[in-house]
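What follows is a single structure, written as structure tokens, with notes after it.
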Amino acid sequence: MLTIGGEPYSIRGEFDSAAAREEVLSDGPAVIETPTQICVQREQFDDAAITCDIDTVQVRGITYTIIEARPDGAGSLVLILRR
């Protein structure tokens, strides 16, 4: 469930929990962190304007605050989330 400006939208998306992995780069090892995020199609919520740090997404009973919205240029939006 995506809530924008108090209006609920039933959506489907690809959810990824936060993760960290170690990679070896040319200058040594580095920890790469990926934030909790969900990728959704904008058409699912009528292109309503998302207000970061206010609007929310509920996934598997947990409510997350949207902290960033990254358009991909192809109709999808990656929402960066904070619990």
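Just so it is clear, none of the values below were taken in a lab; they were calculated from the coordinates. If you're wondering where the values come from, they're calculated on a predicted model, not measured in any experiment. Cβ placement follows ideal geometry from the backbone for every residue including glycine, while neighbour counts extend to all protein chains displayed.
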Worksheet item: Any idea which of Ile67, Ile54, Ile11 is surrounded by 12 or more Cβ atoms within 10 Å (Cβ to Cβ) and touching an Asp or Glu at 6+ places or on another chain (Cβ under 7 Å)?
Response: Ile67
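Among the strands (runs of 3 or more DSSP E) contained in the range 8-63, which hold 1 or more residues that are more than 22 Å from Ser76 (Cα to Cα)? Even if it seems obvious, please write down each step before you answer.
Details: elements: 13-16, 19-25, 28-34, 37-41, 56-59.
In the range 8-63, the matching strands (runs of 3 or more DSSP E) lie at 19-25, 28-34.
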Item to complete: Identify all residues within the range 73-83 that are in a loop (DSSP other than H, G, I, E, B) and either surrounded by 12 or more Cβ atoms within 10 Å (Cβ to Cβ) or touching a residue at least 12 places away in the same chain (Cβ under 8 Å) (or both); write none if there are none.
Response: Gly75, Arg83
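Could you check the range 11-35 and list, in sequence order, the residues that are farther than 20 Å from Ile67 by Cβ and touching a helix residue (DSSP H, G or I) at 6+ places or on another chain (Cβ under 8 Å)? Working first, answer last.
As a first pass, look at the range 11-35 and keep what is farther than 20 Å from Ile67 by Cβ: 12, 21-31.
Result: Arg12, single match.
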Item to complete: Assess whether Ala30 counts as being surrounded by 10 or more Cβ atoms within 10 Å (Cβ to Cβ) and in contact with a Ser or Thr (Cβ under 6 Å, 6 or more places away or on another chain).
Response: no
